[in-house]
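Student: I am attaching a structure below and will ask some questions about it afterwards.
Just so it is clear, none of the values below were taken in a lab; they were calculated from the coordinates. The model shown is predicted, which means the values in this text are computed figures rather than measured ones. In this analysis, Cβ positions are derived from the backbone assuming ideal geometry, glycine residues included, and neighbour counts consider all displayed protein chains.
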Amino acid sequence: MGERFPLRLVIGLAVAIALDTALQLVWKTGVAALPETSSLWETIVAVARAPIFVLVAALMAAQLVNWLKVLDHADLSYAKPFTSLGYVTVCILSVLWLGERVAPLQIVGIIIVVTGVWCVSMTPRATLPPREAGE
Amino acid sequence: MTATAFGVLLVVVSTVIEGFGQIFLKKSALEFARRRFWILCGVSVLIVEVLLYSGALRFLAVSTAFPLTSLSFVMVTLLSKWLLGEHVTPLRWFGVGLILVGTSLIVAEA
């Protein structure tokens, strides 16, 4: 923690990953339930009418509020890569909750993503001193 | 253009749009006096991205579309460097490269 990883930033990134995970799972469920059509406009209308997309919108709103807080404390090119851990959590949740089997290549992928995020976390978090106003 | 190619194009365009949406949101943190303006720009652009990506899923299997979305990590890093002047170290580029490969493996096998 400390200077390199302020607690506020760590919590913000953790919440971003959690919300991303929930968003991906709900969004996938919603899209899978849409009627078959090749028309973009019909797809948009179907999205507007499906109740599950209200939950998608709520999760996106929460994600936005949290993400703006994160961006107050770190470079975009520093913070954004951490959200890739959402792919890892979705994969793990699919195994734990849905009983899906994890392929060997997925395990390799998880290790590579975590290594990539570790590399990014070792770089300076802000090009300019983060704005601390309002704290 | 085949339906698949059109779907791929929609996803790639949506990752570019995601990049610009994220830039606008970061601008809201950098230019506090115009915070609402930049947030509005960012949200508007991200709504377009949501519609495009949802549309793309009508032409592509999720197993094809989802790995492509990891391109957004590269787009965001490139645009952060070019438009925001962020200092992207070689180690950060290496990390982003690993993330691109890793996320593709995870979702391609899903």
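Student: Can you list which of the DSSP-assigned H helices in chain A have a Cα extent of 24 Å or more along the long axis and an average Kyte-Doolittle score of at least 1.0?
Tutor: A:7-32, A:52-71, A:104-121
Student: Which chymotrypsin sites (Phe, Trp or Tyr not before Pro) in the stretch A:8-111 pass both tests, a DSSP loop state and at most 12 other beta-carbon atoms within 10 Å?
Tutor: A:Trp97
Student: In debye, nearest 20, what is the charge dipole magnitude of the protein assembly as shown about its Cα centre with +1 on Lys and Arg Cβ and -1 on Asp and Glu Cβ, if you could check?
Tutor: Roughly 340 debye for the protein assembly as shown.
Student: Which of the chymotrypsin sites (Phe, Trp or Tyr not before Pro) found in the stretch B:1-56 are loop residues per DSSP with 16 or fewer other Cβ atoms within 10 Å of their Cβ?
Tutor: Nothing satisfies the criteria.
Student: Per 0.36 nm of contour for each residue apart, how much would the distance between A:Ala48 and A:Glu100 grow if the chain were fully extended, relative to their Cα-Cα spacing?
Tutor: This chain segment gains 15.7 nm when fully extended.
Student: Averaged over B:81-94, how many beta carbons belonging to a partner chain fall within 10 Å of each residue's beta carbon?
Tutor: Taking all residues of B:81-94 together, the mean is 5.
Student: Could you pull out every whole DSSP H run in chain B that spans at least 24 Å of Cα extent along its own axis and averages 0.0 or higher on the Kyte-Doolittle scale?
Tutor: B:3-30, B:35-56, B:90-108
Student: On a C-alpha basis, how far is the centre of the stretch A:24-60 from the centre of the stretch B:40-110 in Å? Whole number, if you could?
Tutor: Between the Cα centre of the stretch A:24-60 and that of the stretch B:40-110, the gap is 20 Å.
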